[in-house]
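For reference, the structure is listed below as structure tokens.
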Amino acid sequence: MRIILVDGKGREHELEAVEGWRVMEIIRDYGFPIVAECGGACACGTCQVEVDPEWAAKLHAPREDELDQLDQNYGGEWSRLSCQLIMSEELDGLRLRLSDIAIREAA
């Protein structure tokens, strides 16, 4: 399985994905500068991604707590929290972009 990730500079990266892992964990394990302050507890919204529109309908609907975080962080129509997306066969080939709020600035 794989995820196609577009980084902050518009470059595409193909990430090998493990079933059952959070998309946030996969992105972080590949060394991308994703903030993810709460570590996947759906409490901060700093792992926000923009899902390719053709993939949005294939995802489960966001829960209320995820919607609250997206509202606080000005999530757009295709925004999701990557900590709430669990990798499965159905998501093989998922295309997404790191949101500006999720990119950790270099120190």
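The values are calculated or read from the model by the stated rules, or taken from the named source; none is laboratory data. Since this is a predicted model, take the numbers as computed values, not measurements. Counting neighbours? That spans all protein chains shown, and the Cβs are built from the backbone with ideal geometry, glycine included.
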So which residues in the stretch 1-31 are at pLDDT 90 or above and touching a His at 6+ places or on another chain (Cβ under 9 Å), if there are any at all?
3, 4, 5, 6, 30
Looking at residue 16, is it over 14 Å from the mean Cα position of the chain (by Cα), acidic (Asp, Glu) and farther than 12 Å from residue 84 by Cα?
yes
If you go through 54, 50, the only one that is at pLDDT 90 or above and part of a strand (DSSP E or B) is 50
Just one of 77, 64, 89 is in contact (Cβ under 8 Å) with a residue 40 or more places away in the chain and either over 15 Å from residue 24 (Cβ atoms) or of a type in the set (Phe, Trp, Tyr) (or both); which is it?
89
Can you tell me how many residues in the stretch 86-107 are part of a helix (DSSP H, G or I), exposed (fewer than 14 other Cβ atoms within 10 Å of the Cβ) and of a type in the set (A, V, I, L, M)?
0
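Output the residues belonging to the stretch 1-31 that are assigned to a loop (DSSP other than H, G, I, E, B) and touching an Asp or Glu at 6+ places or on another chain (Cβ under 6 Å).
Here is the first cut: in the stretch 1-31, the ones assigned to a loop (DSSP other than H, G, I, E, B) are 1, 7-11, 17-21, 30-31.
Across the stretch 1-31, the qualifying residue is only 1.
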Count of the stretch 59-85 residues which are closer than 17 Å to residue 22 by Cβ, in contact with a strand residue (DSSP E or B) (Cβ under 8 Å, 6 or more places away or on another chain) and in a loop (DSSP other than H, G, I, E, B)
3
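Tell me the residue from 25, 12, 54 that is of a type in the set (Asp, Glu) and buried (at least 19 other Cβ atoms within 10 Å of the Cβ), please. Explain how you work it out, then say what you get.
Values: 12 fails: buried (at least 19 other Cβ atoms within 10 Å of the Cβ); 54 fails: buried (at least 19 other Cβ atoms within 10 Å of the Cβ).
Checking each option against the conditions leaves just 25.
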Of (1) at pLDDT 95 or above; (2) out of contact with any helix residue (DSSP H, G or I) (no Cβ under 6 Å at 6 or more places or on another chain); (3) of a type in the set (D, E, K, R), residue 37 satisfies every one except (1)
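How many of the residues making up the stretch 36-58 are touching a strand residue (DSSP E or B) at 6+ places or on another chain (Cβ under 7 Å) and under 25 Å from residue 14 (Cβ atoms)?
8
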